[in-house]
């Protein structure tokens, strides 16, 4: 059905893109389409933080098999676990494997792991897809964060077979042309698709031959892995903090709290309980935008994961306690009244 080659290797689709670009939403759409077509999917999710937020989002809305790598980036501390995760997914009879990378990762480093002799005869690289936030890219928000961030995004774009320019509704037609021109300066050959809410046809992801980058990696008949020093590794410049939100809050409270953590804060996501609401809410923040979604499937402790540059946990806890007018120790205790 998927055109798997005669060696019966399983196709792998890598999804990359900086924090907040829409990767998880894209993956959810692809999983739902695959399920509708009767394709058994597996997914490997890498979260920079220690809390499995994307796993909750996707697991509650898809029947696909899931493996997670938490608390680090596949480019460094979690790289050695990739092969084992692939092996577990292959045991589930998956017909395709989606790999969602943390926004800080260089996709090339997963490609390296796919050349390891343990799995190279079992999987092949079908497509490398990079998601770009149209507004953030146009306004050079990534560049303003730092040179390392800008280089990471450029690497994600340069190695892509397909580039999804997401959140097109936030820019105008002139901006669309400028974005395409800038992308072409980095990657001349990749297919570019403009979209909103990460709406992409699965057939476009699966059509055609193997990834063009599979040509530079060995086949099962040439199992000499490429040298890791030949690949520009991702940058270890981010920090992450998990903050328990041990109180019922308003949306304004959370939005004000996140605003006082700027400019160090880049991304935040998690689950909180709002005043007057029985259902927990998923909250996601990037740049100047914050999104709220009721999420009844989540039945655990309320918390936020903060991702940024040189975040200070003491500072983050102190500011939350001051806003809530509660001792820090009390905020660290999560009462069972918030979940059943």
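Here are the numbers:
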| quantity | calculated |
| --- | --- |
| For peptides 276-284, 37-45, sequence by mean Cβ density within 10 Å, most packed first | 37-45, 276-284 |
| Zone residues, region 269-296, relative to residue 242, backbone N less than 13 Å from point 7 Å out along Cα-to-Cβ | 270-271 |
| Förster-model FRET efficiency, 41 Å R0, residue 178 and residue 91, C-beta, rounded to 0.05 | 0.30 |
| Two-site FRET efficiency, residue 295 against residue 121, from Cβ-Cβ distance with R₀ of 45 Å, rounded to 0.05 | 0.65 |
| Sorted peptide list for 313-325, 82-94, criterion being average Cβ within 10 angstrom, highest first | 82-94, 313-325 |
| Protection proxy ranking of 176-184, 11-19 - average other beta-carbon atoms within 10 Å, highest first | 11-19, 176-184 |
| Simple spin-label estimate for residue 201 and residue 321 in nanometres, 7 Å along Cα-Cβ | 5.6 nm |
| Rounded FRET efficiency, nearest 0.05, which uses the C-beta distance separating residue 250 from residue 36 and R0 of 45 Å | 0.75 |
| Over region 239-338: Kirkwood hydrodynamic radius from C-alpha pairwise inverse distances, Å | 13.6 Å |
| Percentage relative contact order, region 108-212, counting C-alpha pairs under 8 Å, at least six apart | 33 percent |
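Only the coordinates and a few stated rules stand behind these numbers; no lab work does. Nothing here was measured: the structure is a model prediction, and the numbers come from that model. All Cβ positions, even for glycine, are placed from backbone atoms using ideal geometry, and neighbour counts span all protein chains on display.
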